[in-house]
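First comes the structure, then the notes that go with it.
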Number of protein chains: 2
Amino acid sequence: MMVKGIKGGVCAAKGFKANGLNAGIKNNIKKDMALIFSESPCRAGAVFTSNKVKAAPVKWDYKLVHESEYVQAVVVNSGVANAATGEEGMKCCADMSRKTGEVLGIPADAVLVASTGVIGKQLPMDIIYAGIDELPQKMEADEEHATLAAQAIMTTDTHDKQVAVQIEIDGVTVTIGGMCKGSGMIHPNMCTMLCFITTDCAISKELLQKALRAVTEDTFNMISVDGDTSTNDTVLLLANGMAGNKEITSEDENYRKFYEALYYIAEKSAKMIAGDGEGCTCLFEVRVVNALSKADARMLAKSVIKSNLTKAAIYGHDANWGRIICAMGYSGAEFDPDKVDLYFESNAGKLKIAEAGVQTDYSEEKATEILSQKHVIAVCDCNQGAHSATAYGCDLTHEYININADYRS
Amino acid sequence: MMVKGIKGGVCAAKGFKANGLNAGIKNNIKKDMALIFSESPCRAGAVFTSNKVKAAPVKWDYKLVHESEYVQAVVVNSGVANAATGEEGMKCCADMSRKTGEVLGIPADAVLVASTGVIGKQLPMDIIYAGIDELPQKMEADEEHATLAAQAIMTTDTHDKQVAVQIEIDGVTVTIGGMCKGSGMIHPNMCTMLCFITTDCAISKELLQKALRAVTEDTFNMISVDGDTSTNDTVLLLANGMAGNKEITSEDENYRKFYEALYYIAEKSAKMIAGDGEGCTCLFEVRVVNALSKADARMLAKSVIKSNLTKAAIYGHDANWGRIICAMGYSGAEFDPDKVDLYFESNAGKLKIAEAGVQTDYSEEKATEILSQKHVIAVCDCNQGAHSATAYGCDLTHEYININADYRS
């Protein structure tokens, strides 16, 4: 089946409105609050950070997603993460849900909350309340307002990130759309990958969660900007059923269509996040093929994508394959170094750099040309099994240091 | 017991000679070959990289240390790592041992080999042979020649690293001395922590290995410059027994004295390596105290020391404690974030930054002063158990990127 990408974001699916504005959390210019609202109640799926230090909104949403039968809105702020904020932080979440519910005329436990920004600071609740009052007044179901919301969740992302897709289920058009923000802990004290996906598909809560969990394994869980797993990472998936398809309740052909479309959204989002990583100049992709097991393939790909030395070499357009095989070696995965073939690939071509663990007589000039593109791929062929995995990241640059060193004056 | 640090390196202990010279592997200026020779046969202990991709000299030395009853020399080159070099690489090791044995008049299987440098290239054996011919001609048992050897194993280390210590065992003076080179994979394609320790202590091979393995856990295995575990990491310990003490054959008081002295050497070496990490401006130390178990303490300390975001914040003298608790959170260790107290400490003072997982009302000015020193310590008090661990690393700087990006022209 072909998945058809379309323009749009969280308002692409039927019945979803959005808005984004400057409430004054960061400063008086940048947008810092967003709202997603569905005309009718939604089933929700979610995946959260595996970090033991979980931000208050992560704990709050976990509870809501598991205990509320339906949700209908998500309110988001950027600028303050509401992480490491103790009891007061939990109360802020409850207050944000309650207040948003009041303004929208829906139950408090139907309002999910997300935050991204400085760790350790309390939310400025007076500003948040003012934002919540204003957000619903101009929310709309169009691309323009989806974009306002996508902009409002940015921290040091260099552009907003939206994606949408349509599929046909039993002759009915079903739409999935999403917005996300950058991975890594992008700004001084800032953190977090956030992703919000909306769909009008009718699907059981169980399968919604199952599909989200499964696609996350091969998409969001395979990106790394700096190896730092944030306290706030959240992916929320809201389904309001307004497409009018017969509800998907078993893992049939329709479920597989939905799964594939959701995978498209998640993979595009993951790539957008990795390719806009802190200070990066390129999207770096590591494809491990012919590994002994899926788990080995994942470990190998993630170890290479996280290697500072490999990332710095990619920045320098340097075909430093020794760093790649070295990172494979300390990954903990099972493989035979003496069987590995390595390739670099981009839209400038593909080059075999090492064969059976030993360097080939490759052209440095051609390698540099391949590595100078905006999307660079390292292919690690283990030549041992039939399993593969792909990880997404970026190069490690001077700008990363600039962004994260935060010379206070 | 007090351990007494003295001046010197691998020639501090009785009966050890050394030399270092430029053989022409790197260029015609920098020293790139070193020799350590003992007048009498030595028992050897060793620990090697855990990387699945092991350089040829690592495989070679592993075999020799386990199969040879005695060793008597170590020949080292910098410039080429002899890693990912297949069968040819293994033959180079055998040839280096054989040739060195011939020149010194000792068996080939008494000569250990170490290499550090570019991965994936074969050793220039004609140059290596010429170096092996020349090295023994001027080897001496003095500080000057120990320093020549220490300089010859450097890659982008900014200074040579030597340490020595004396203890009394049954009224006999026993000496341990060592030299080491930088951690991380310091230069483009360069790699490796190498450490060579010599002692005149008489001790059984079993206890020599046991002591080395144990001190390594808390010293060399607790340093990280960039999280990249090299293919060549090697620590060799040679004991020739010439001090004349009664051989240590059980874990008695004398063993404990030797252990403590060896710990001193290993800890000083580890700190020197971390404090001279790639492009760094300070030695960063992470002390985890009152953790539930030793394993938890180690995981927590190593996770923080490896965090790019924490390292960049230290570079920026930024008391960004959220990054530290975040790195603790994704370490995989068991702990309660709500019980953690965090301190920054240096010779400018000590400051409590967070208490019970929430930020204190600390002075940013004071924090910046503390973080602007050459040796910065983060103390993470888990307030849960009685176990502690310390990790050593450095900050992440623009210079790290310069060193590792290797813009080829």
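The values are calculated or read from the model by the stated rules, or taken from the named source; none is laboratory data. If you're wondering where the values come from, they're calculated on a predicted model, not measured in any experiment. Ideal geometry is used to build each Cβ from the backbone, glycine not excepted, and the neighbour counts take in all protein chains shown.
Could you list, in sequence order, the residues of region A:191-214 that are modelled with pLDDT of 95 or more and β-branched (Val, Ile, Thr)? Hits for region A:191-214 are A:ILE197, A:THR198, A:THR199, A:ILE203.
Inside region A:4-29, can you point out the residues that are farther than 30 Å from A:ASP126 by Cβ and crowded, with 17+ Cβ neighbours inside 10 Å? Of everything in region A:4-29, those that are farther than 30 Å from A:ASP126 by Cβ and crowded, with 17+ Cβ neighbours inside 10 Å turn out to be A:GLY8, A:ALA12, A:ALA13, A:LYS14, A:GLY15.
Could you tell me how many of the residues in region A:71-108 are of a type outside the set (Asp, Glu) and part of a helix (DSSP H, G or I)?
Quick first cut of region A:71-108, residues of a type outside the set (Asp, Glu) only: A:71-86, A:89-94, A:96-101, A:103-108.
Now restrict to residues that are part of a helix (DSSP H, G or I): A:86, A:89-94, A:96-101, A:103-104, A:108.
The total comes to 16.
Within region B:4-18, at least one residue is outside any loop (DSSP other than H, G, I, E, B), among the aromatic types (Phe, Trp, Tyr) and closer than 20 Å to B:ALA164 by Cα.
Yes or no: A:GLY8 on the phi > 0 side of the Ramachandran plot and in the same structural domain as A:THR231 (by TED's automatic domain parsing)? Don't jump to the end; show me each part of the working.
Numbers: on the phi > 0 side of the Ramachandran plot: yes; in the same structural domain as A:THR231 (by TED's automatic domain parsing): yes.
Spelling it out, A:GLY8 is indeed on the phi > 0 side of the Ramachandran plot and in the same structural domain as A:THR231 (by TED's automatic domain parsing).
Among residues of region A:36-54 being within 14 Å of chain B (Cβ to nearest Cβ) and buried (at least 18 other Cβ atoms within 10 Å of the Cβ), the one that is nearest to A:ALA146 (Cα to Cα) is A:PHE48. Of all the criteria given as (1) within 14 Å of chain A (Cβ to nearest Cβ); (2) closer than 16 Å to B:GLN166 by Cα, the one not satisfied by B:GLU260 is (1). Considering the conditions (1) under 11 Å from A:ALA378 (Cβ atoms); (2) small (Gly, Ala, Ser); (3) over 28 Å from the mean Cα position of the chain (by Cα), A:GLY322 is excluded by exactly one of them, (1).
In summary, B:THR156 fulfils each of the numbered conditions (1) crowded, with 24+ Cβ neighbours inside 10 Å; (2) within 20 Å of the chain's Cα centre (by Cα) with the single exception of condition (1). As for region B:55-70, it holds no residue that is surrounded by fewer than 24 Cβ atoms within 10 Å (Cβ to Cβ), part of a strand (DSSP E or B) and more than 9 Å from chain A (Cβ to nearest Cβ).
Select from region A:294-304 the residues that are out of contact with any Phe, Trp or Tyr (no Cβ under 7 Å at 6 or more places or on another chain) and within 18 Å of A:TYR392 (Cβ to Cβ) and list them in ascending order.
Here is the first cut: in region A:294-304, the residues out of contact with any Phe, Trp or Tyr (no Cβ under 7 Å at 6 or more places or on another chain) are A:294-295, A:297-299, A:301-302, A:304.
Scanning region A:294-304 gives A:LYS294, A:ALA297, A:ARG298, A:MET299, A:ALA301, A:LYS302, A:VAL304.
Look at (1) out of contact with any helix residue (DSSP H, G or I) (no Cβ under 9 Å at 6 or more places or on another chain); (2) buried (at least 21 other Cβ atoms within 10 Å of the Cβ) and you find that B:LEU237 fails only one, number (1). Of the numbered criteria (1) of a type in the set (Gly, Ala, Ser); (2) assigned to a helix (DSSP H, G or I); (3) out of contact with any strand residue (DSSP E or B) (no Cβ under 6 Å at 6 or more places or on another chain); (4) surrounded by 22 or more Cβ atoms within 10 Å (Cβ to Cβ), the one B:ALA295 fails is (4). For region A:217-224, the criterion of being over 12 Å from the mean Cα position of the chain (by Cα) and surrounded by 23 or more Cβ atoms within 10 Å (Cβ to Cβ) is met by none of the residues.
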